[in-house]
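> Have a look at this one.
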There are 2 protein chains.
Amino acid sequence: MAVTVLRLGHRPERDKRVSTHAALVARAFGADRIVYTGVRDEKMEKSVCAVSENWGGSFSIAYERSWKKVVRDFDGCVVHLTMYGLPVDDVVKNISGDVLVVVGGEKVPGDVYEAADFNVSVSSQPHSEIAALAVFLDRFFRGSELSKDFNGRLRIVPQPRGKKVITE
Amino acid sequence: MAVTVLRLGHRPERDKRVSTHAALVARAFGADRIVYTGVRDEKMEKSVCAVSENWGGSFSIAYERSWKKVVRDFDGCVVHLTMYGLPVDDVVKNISGDVLVVVGGEKVPGDVYEAADFNVSVSSQPHSEIAALAVFLDRFFRGSELSKDFNGRLRIVPQPRGKKVITE
């Protein structure tokens, strides 16, 4: 059961931080990789890789020119997160196996709605693709992702106050 | 039971989109208001207010110069979201009543950890304050926030494909 996130239409100037957040959420919430389209951004790729090197796991990031190719080549269930879709709590039980989770940028082509096996909403209110991705993965993994062991060089020991980080 | 979100250290140039996402997540996930510190950003305030006007509810946004004043004046439970804190699933059951949820920016002053009643982590991995806020509120409201009725001028009717918006 592998989870890939597909982030559409990255624009380095405008989306740098939002796309980086999306990638780090994908990793922290248990996805295996993120693929992004739009404009290639090696700086973002490096910063995501640096997190994986320090904090563990085998998360990867890759650029692809065409989202259609990513979707076409994907063998599994394609889930598109959109505020217009069916409520996550109604449909997540029907989603299993390898999953491609598609998260949009500013403008999502209409074809994406057609290409998806499921168009899924995390509330029908406008908010954030970062939050939608986190909550979708949380529902998909039933909360178990929050205690996933990444076996990293850096490791936090949860504290009621202050910061405790162990370096191995 | 009112929930206020306090967003620390907003910088209009760099944080515009991240802070806007945080505000929209606060609203969509059931908080009543967001207060932010750092640099005042009337453009961001306007864009958040426009969402409330169109999509309903009584969410508000306000600027304050001093986070210490916001925390000191708050009568209720202060929760600071940080990757170094105690796991959300262990502590959320101890949090009730009026809540101030503090989310940091790039650098969080050490005093914030002391001022909080609870330092809470949404996984001990680096990711996104937007995702942490969404998942914390989702746990706090036990998922009920996802079907909250905002009674807005615009309203989405969830669809398996495409978009259906009703304007009242």
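Rule-based calculations on the coordinates, nothing more; no lab input. No experiment lies behind these values; they were computed from the predicted model shown. Glycine also receives a Cβ, built like all others from the backbone with ideal geometry; neighbour counts cover every protein chain displayed.
> Show me, bin by bin at 5 Å from 0, the whole-percent P(r) of chain A based on Cα pairs.
2, 8, 18, 21, 21, 14, 9, 5, 2, 0
> Please give every one of the lysines within straight-line cross-link reach of B:Lys43, meaning a C-alpha to C-alpha distance under 19 Å, and leave out same-chain neighbours fewer than 8 residues apart.
The reachable lysines, counting only those whose Cα sits under 19 Å from B:Lys43, are B:Lys16.
> Here is a further query. Taking a label point 7 Å out from Cα toward Cβ, give me the nm distances from A:Lys46 to the same spot in the other copies, shortest first, one decimal.
Distances between equivalent label points, in nm: 3.7.
> Additional query: Under 10 Å, Cα contacts only: if you run a Gaussian network model on chain A, which one of A:Ser121, A:Ser58, A:Ser147 comes out with the highest mean-square fluctuation?
A:Ser147
> Quick check: the angle from helix B:12-28's long axis to the longest principal axis of chain B, C-alpha only, nearest 10 degrees?
70 degrees
> Under 5 Å between amide H atoms, partner at least 5 residues away or on a different chain: which partners does B:Gln159 have, H built in plane at 1.01 Å?
A:Gly85, A:Leu86
> For A:Lys68, go through the aspartates and glutamates and keep the ones whose alpha-carbon is under 17 Å away, minus same-chain ones fewer than eight residues off.
Filter leaves A:Asp111, A:Glu114, A:Asp117.
> Using a 7 Å offset from Cα along the direction of the beta-carbon, what are the separations from B:Ser58 to the same position in each other copy, nm, ascending?
5.3
> Could I ask something else about it? With a 10 Å cut-off between alpha carbons and a GNM built on chain A, which of A:Leu24, A:Leu137, A:Leu86 moves the most?
A:Leu86
> Which pairs break 32 Å Cα to Cα here: B:Lys69/B:Lys93; A:Lys107/B:Lys46; A:Lys148/B:Lys107; A:Lys69/B:Lys107? All intermediate terms of the calculation are to be shown ahead of the outcome.
Values: B:Lys69/B:Lys93 27 Å; A:Lys107/B:Lys46 21 Å; A:Lys148/B:Lys107 26 Å; A:Lys69/B:Lys107 40 Å.
Over 32 Å apart, Cα to Cα: A:Lys69/B:Lys107.
> Over chain B, what is the percentage of antiparallel beta bridges among all DSSP beta bridges, to the nearest 5? Walk me through the intermediate numbers first.
Values: 3 of 27 bridges.
For chain B, the DSSP antiparallel bridge percentage is about 10.
> Moving on. With respect to the axis carrying B onto A, what is the closest chain B residue by Cβ position, and how many angstrom separate it from the axis?
Value returned for chain B: B:Ile130, 2.
> Could you state, as a whole-number percent, how many of the C-alpha pairs of the protein assembly as shown are farther apart than 40 Å?
On the way: 3569 of 56280 pairs.
Roughly 6 percent, once rounded to a whole number.
> Positive end of the charge dipole of chain A (Lys, Arg +1 and Asp, Glu -1 on Cβ, about the Cα centre): tell me which of A:Gly110, A:Leu133, A:Gly57 has its Cα farthest that way.
A:Gly57
> Pick from A:Arg11, A:Arg33, A:Arg72: which is most flexible by mean-square fluctuation in a GNM of chain A where alpha carbon atoms under 10 Å apart are linked?
Comparing A:Arg11, A:Arg33, A:Arg72 in the GNM, the peak value goes to A:Arg72.
> Count, for each residue of A:135-146, the Cβ atoms from other chains sitting within 10 Å of its Cβ, then give me the mean as a whole number. It would help to have the intermediate numbers written out before the result.
Values: counts 9, 0, 2, 7, 3, 0, 0, 0, 4, 0, 2, 10.
What the average comes to for A:135-146 is 3.
> Sticking with this structure for a sec: Quick one: net charge of B:Pro158's neighbours, Cβ under 12 Å, K/R +1, D/E -1? All intermediate terms of the calculation are to be shown ahead of the outcome.
Details: positive: B:Arg155, B:Arg161, B:Lys163, B:Lys164; negative: A:Asp89, A:Asp90.
Here the charged neighbours net out to +2.
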